[in-house]
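Q: I am attaching a structure below and will ask some questions about it afterwards.
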Amino acid sequence: MKKNLPLIVIIASAILIIANFIMSEKIDRGFWMSTLSSVLIIISMVLTIRANKNKDSNQ
């Protein structure tokens, strides 16, 4: 479960980005801030997955 958690967070963030585009009535600062936060979460989880793979390969 610990190895799959970052992937689950990536999928959930992608779903939230898509829902944000669909449900948003107007594109304002709040829209872009929520989209940016989801993108930053995805980037951080990708970096976490890469770090875990590097740590596993070094052991």
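The values are calculated or read from the model by the stated rules, or taken from the named source; none is laboratory data. Source: prediction; values computed, not measured. Every residue, glycine among them, receives a Cβ derived from its backbone with ideal geometry; neighbour counts consider all protein chains shown. We work out accessible area using only protein heavy atoms, side chains counted, and drop any ligands, DNA or RNA first. Shrake-Rupley method; radii C 1.70, N 1.55, O 1.52, S 1.80 Å.
Q: Enter the accessible area per residue of the chain (Å², integer; probe 1.4 Å; all protein chains in place).
A: 84
Q: Compute the convex hull volume of the Cα atoms of the chain, divide it by the residue count, and report the result per residue in Å³ as a whole number. Intermediate values should be presented prior to the final figure.
A: On the way: hull volume 3.5 nm³, N = 59.
Convex hull of Cα atoms, per residue: 59 Å³.
Q: Which residues in the stretch 1-31 place their backbone N less than 13 Å from a point set 7 Å from the Cα of residue 51 along the Cα-to-Cβ direction?
A: 6
Q: As a check on your grasp of the helix formula, calculate [θ] at 222 nm for the chain: sum -39500 (n - 2.57) over DSSP H runs of n ≥ 4, divide by the residue count, round to the nearest 500.
A: Working: 2 runs with 49 residues, N = 59.
Computed ellipticity for the chain at 222 nm equals -29500 deg cm²/dmol.
Q: Top to bottom by accessible area (1.4 Å), largest first, where do 41, 11, 22 land?
A: Correct descending sequence by accessible area is 22, 11, 41.
Q: Ignoring ligands, DNA and RNA, what percent of the accessible area of the chain is carbon or sulfur (1.4 Å)?
A: 68
Q: Sticking with this structure for a sec: Toward the positive end of the charge dipole of the chain, about the Cα centre and with charges on Cβ (Lys, Arg +1; Asp, Glu -1), which of 54, 35, 17 goes farthest?
A: 54
Q: Related question: Can you give me the distance in nm between label points at residue 24 and residue 2, each placed 7 Å from the Cα along the Cα-to-Cβ direction?
A: Taking the simple label geometry, residue 24 and residue 2 are separated by 3.7 nm.
Q: Can you pull out the trypsin sites (Lys or Arg not before Pro) in the chain that DSSP calls coil and that have at most 14 other Cβ atoms within 10 Å?
A: Taking the chain and a limit of 14 other Cβ atoms within 10 Å, the loop trypsin sites (Lys or Arg not before Pro) found are 2, 3, 26.
Q: Let me ask something additional. Which angle from 0 to 90°, rounded to the nearest 10, does the C-alpha axis of helix 29-58 make with the longest principal axis of the chain?
A: Once rounded, one gets 10 degrees.
Q: When the chain is fully extended, how far beyond the present Cα-Cα distance does residue 44 get from residue 32, taking 0.36 nm per residue of separation?
A: Result for the pair: 2.5 nm of gain on full extension.
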